[in-house]
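Have a look at the structure below, then the notes.
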Amino acid sequence: MTKPAAKNSFIIPLLILIPLAVALLSICTGRYPISPASVFKALWQGITGRPTGVTSEELTIITGIRLPRTIMGAFVGGALAASGTAFQGIFRNPLVNSGILGVSSGASLGAALSILVFSNYAFTAAFAFAFGLLAVFLSCMVGRIHNSTTTVTLVLGGTIISSIFTSLLSFVKYIADPMNQLPAITFWTMGSLASTISVNIKFALVPIIVGLMMLIFSGWNINVLSMGDAEAGMLGLNVRAAKLIVITGATLATAGAVCISGAIGWVGLVVPHIARIFMGNDNRRLMPAGISMGASFLMLIDVLCRVISTAEIPLGIMTSLIGGPFFIYLIKKKKGNAWV
């Protein structure tokens, strides 16, 4: 067995086992600690319907609260990491993240409008998802010049639309009720999985799964697009169609994630670089690795947010506090070369 093959045979099982281990930790950890044995019993009882000896309180906490939150955390982390990996590849920029085309700012505006109009979270996920898609659509339209969309103009379009939507979000905050609506909007934009419920999971999982599958099967196309549009065209790739598929997949995955969790930074920026350390730049292997690491990372951050203080810390705060210094470490380790 060659050295790279031996390395992969060691890493691939870890990419499967680590998310499962972190998920178990997430379900066990909280204000009410639960043993792993009770978790397995509760899950078995939920699947089979046969009593396993767990208390009703433990069953409610595990299957009704922590399991949905853990599942959503895994999918949100995986979606953000995969989108960041895809965008870094097609834009050939190591500083690109999953919100480069404005999906996060659009989702934040949609959620804020929902809270402002309805004064509750009933339609927040739907509004956030719709406005996230709208932001990306507008970014692509702004980036079109003479019936073509270059990488530079697409990034500029995303920057412009993000700025406009962020300004509109500030305006919504300005006119919101400072006693009820403004705190709710502010908390949502910081990111959290605290309000995750089964209905929202069903709503968000469909676009996330569809988007992730599109990105996984586009691994080779992303490899080719990362060489540049001219080189990709010379290799016989339909550049416009390939970009459309990648952007659509990344947008669906990110919008589905953000509409539930709120705006969470750094996951789509840092995790792809961590995955490259172990898997290299081949997106056919990098994409699944990024999904696994992103899921593990966000579930672990969510555990820290729950236990580090008496009041739950928003996810966006913790990902920034951890992601920022870690990205500095990566830059120093790679001596400024983000792709080596």
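The values are calculated or read from the model by the stated rules, or taken from the named source; none is laboratory data. Model, not experiment: these values are computed from the prediction. Note: ideal-geometry Cβ built from the backbone for every residue, glycine included; neighbour counts use all protein chains shown. Protein only, heavy atoms only, side chains kept; ligands, DNA and RNA dropped before computing areas. Shrake-Rupley method; radii C 1.70, N 1.55, O 1.52, S 1.80 Å.
Mind checking which pairs have a first residue in segment 310-325 that is closer than 15 Å to Leu269 by Cβ and a second that is among the aromatic types (Phe, Trp, Tyr) and part of a helix (DSSP H, G or I), Cβ under 9 Å, 6 or more apart or different chains?
The qualifying pairs are Thr319/Phe297; Ile322/Phe297; Gly323/Phe297.
Among the residues of segment 287-332, write down those that are open to solvent by less than 20 Å² (accessible area, probe 1.4 Å) and over 20 Å from Ser98 (Cα atoms). Lay out the reasoning, then the answer.
If we filter segment 287-332 for residues that are open to solvent by less than 20 Å² (accessible area, probe 1.4 Å), which is where we start, we get 287, 289-290, 292, 294-296, 298-299, 301-303, 305, 314-316, 318-319, 323-324, 330.
Result: Val303, Cys305.
Taking the stated definitions as given, is Ile100 in contact with a helix residue (DSSP H, G or I) (Cβ under 9 Å, 6 or more places away or on another chain), open to solvent by less than 50 Å² (accessible area, probe 1.4 Å) and β-branched (Val, Ile, Thr)?
Values: in contact with a helix residue (DSSP H, G or I) (Cβ under 9 Å, 6 or more places away or on another chain): yes; open to solvent by less than 50 Å² (accessible area, probe 1.4 Å): yes; β-branched (Val, Ile, Thr): yes.
Against the criterion (in contact with a helix residue (DSSP H, G or I) (Cβ under 9 Å, 6 or more places away or on another chain), open to solvent by less than 50 Å² (accessible area, probe 1.4 Å) and β-branched (Val, Ile, Thr)), Ile100 qualifies.
Take the residues of segment 31-57 that are charged (D, E, K, R) and either at pLDDT 90 or above or within 18 Å of Cys305 (Cα to Cα) (or both): which is most open to solvent (accessible area, probe 1.4 Å)?
Initial filter on segment 31-57 (charged (D, E, K, R)): 31, 41, 50, 57.
From what is left, the residues that are either at pLDDT 90 or above or within 18 Å of Cys305 (Cα to Cα) (or both) are 31, 41.
Working: Arg31: 153, Lys41: 97 Å².
Going through the qualifying residues, I end up with Arg31.
Given the structure, is Thr60 open to solvent by 50 Å² or more (accessible area, probe 1.4 Å), not in a loop (DSSP other than H, G, I, E, B) and not basic (Lys, Arg)? Outline the logic, then answer.
Numbers: open to solvent by 50 Å² or more (accessible area, probe 1.4 Å): yes; not in a loop (DSSP other than H, G, I, E, B): yes; not basic (Lys, Arg): yes.
It is true that Thr60 is open to solvent by 50 Å² or more (accessible area, probe 1.4 Å), not in a loop (DSSP other than H, G, I, E, B) and not basic (Lys, Arg).
Check whether at least one residue in segment 237-248 is more than 13 Å from Leu80 (Cβ to Cβ), in contact with a strand residue (DSSP E or B) (Cβ under 8 Å, 6 or more places away or on another chain) and surrounded by 16 or more Cβ atoms within 10 Å (Cβ to Cβ), and report yes or no.
The answer is yes, given that some residue of segment 237-248 is more than 13 Å from Leu80 (Cβ to Cβ), in contact with a strand residue (DSSP E or B) (Cβ under 8 Å, 6 or more places away or on another chain) and surrounded by 16 or more Cβ atoms within 10 Å (Cβ to Cβ).
Residue check, Pro19 against (1) modelled with pLDDT under 90; (2) part of a helix (DSSP H, G or I); (3) not hydrophobic (A, V, I, L, M, F, W, C), all met but one. Which one?
(1)
Quick one: would you say Leu95 is open to solvent by 20 Å² or more (accessible area, probe 1.4 Å), touching a residue at least 60 places away in the same chain (Cβ under 8 Å) and under 30 Å from Val239 (Cβ atoms)?
On the way: open to solvent by 20 Å² or more (accessible area, probe 1.4 Å): yes; touching a residue at least 60 places away in the same chain (Cβ under 8 Å): yes; under 30 Å from Val239 (Cβ atoms): yes.
The answer is yes for Leu95.
Taking Asn281 as meeting all but one of (1) open to solvent by 60 Å² or more (accessible area, probe 1.4 Å); (2) within 23 Å of Leu67 (Cα to Cα); (3) of a type outside the set (A, V, I, L, M, F, W, C), write down the number of the exception.
Checking Asn281 against (1) open to solvent by 60 Å² or more (accessible area, probe 1.4 Å); (2) within 23 Å of Leu67 (Cα to Cα); (3) of a type outside the set (A, V, I, L, M, F, W, C), the one that fails is (2).
Do you know which residues across segment 265-278 are open to solvent by 40 Å² or more (accessible area, probe 1.4 Å) and closer than 21 Å to Ala21 by Cα? Even if it seems obvious, please write down each step before you answer.
Here is the first cut: in segment 265-278, the residues open to solvent by 40 Å² or more (accessible area, probe 1.4 Å) are 266, 277-278.
The one that is open to solvent by 40 Å² or more (accessible area, probe 1.4 Å) and closer than 21 Å to Ala21 by Cα: Phe278.
Given the conditions (1) at pLDDT 90 or above; (2) within 16 Å of Ile301 (Cα to Cα), report the number of the one that Ile62 does not fulfil.
(2)
What do you reckon, is Ala241 part of a helix (DSSP H, G or I), closer than 29 Å to Met213 by Cβ, within 20 Å of the chain's Cα centre (by Cα) and not hydroxyl-bearing (Ser, Thr, Tyr)?
On the way: part of a helix (DSSP H, G or I): yes; closer than 29 Å to Met213 by Cβ: yes; within 20 Å of the chain's Cα centre (by Cα): no; not hydroxyl-bearing (Ser, Thr, Tyr): yes.
Considered against the rule, which asks whether it is part of a helix (DSSP H, G or I), closer than 29 Å to Met213 by Cβ, within 20 Å of the chain's Cα centre (by Cα) and not hydroxyl-bearing (Ser, Thr, Tyr), Ala241 comes out as no.
Counting only residues that are part of a helix (DSSP H, G or I) and not acidic (Asp, Glu), which one in segment 226-236 is least open to solvent (accessible area, probe 1.4 Å)?
Initially, segment 226-236 is screened for residues part of a helix (DSSP H, G or I), giving 229-234.
So of that shortlist, the ones also not acidic (Asp, Glu) come out as 230, 232-234.
Working: Ala230: 68, Ala232: 0, Gly233: 39, Met234: 166 Å².
The qualifying residue least open to solvent (accessible area, probe 1.4 Å) is Ala232.
So Thr159 passes all but one of these: (1) over 17 Å from Val246 (Cβ atoms); (2) open to solvent by less than 10 Å² (accessible area, probe 1.4 Å); (3) β-branched (Val, Ile, Thr). Which condition number does it fail?
Answer for Thr159: the failing condition is (2).
Suppose we filter Ala79, Ala126 for residues that are assigned to a helix (DSSP H, G or I), modelled with pLDDT of 95 or more and either open to solvent by 10 Å² or more (accessible area, probe 1.4 Å) or in contact with a Leu (Cβ under 7 Å, 6 or more places away or on another chain) (or both); which single one remains? Working first, answer last.
On the way: Ala126 fails: modelled with pLDDT of 95 or more.
Ala79 is the lone residue from the list that is assigned to a helix (DSSP H, G or I), modelled with pLDDT of 95 or more and either open to solvent by 10 Å² or more (accessible area, probe 1.4 Å) or in contact with a Leu (Cβ under 7 Å, 6 or more places away or on another chain) (or both).
Mind checking which helices (runs of 4 or more DSSP H) fall wholly inside segment 248-340 and carry at least 2 residues that are under 11 Å from the mean Cα position of the chain (by Cα)? Steps first, answer last, please.
Details: elements: 267-279, 283-307, 315-333.
In segment 248-340, the matching helices (runs of 4 or more DSSP H) lie at 267-279, 283-307.
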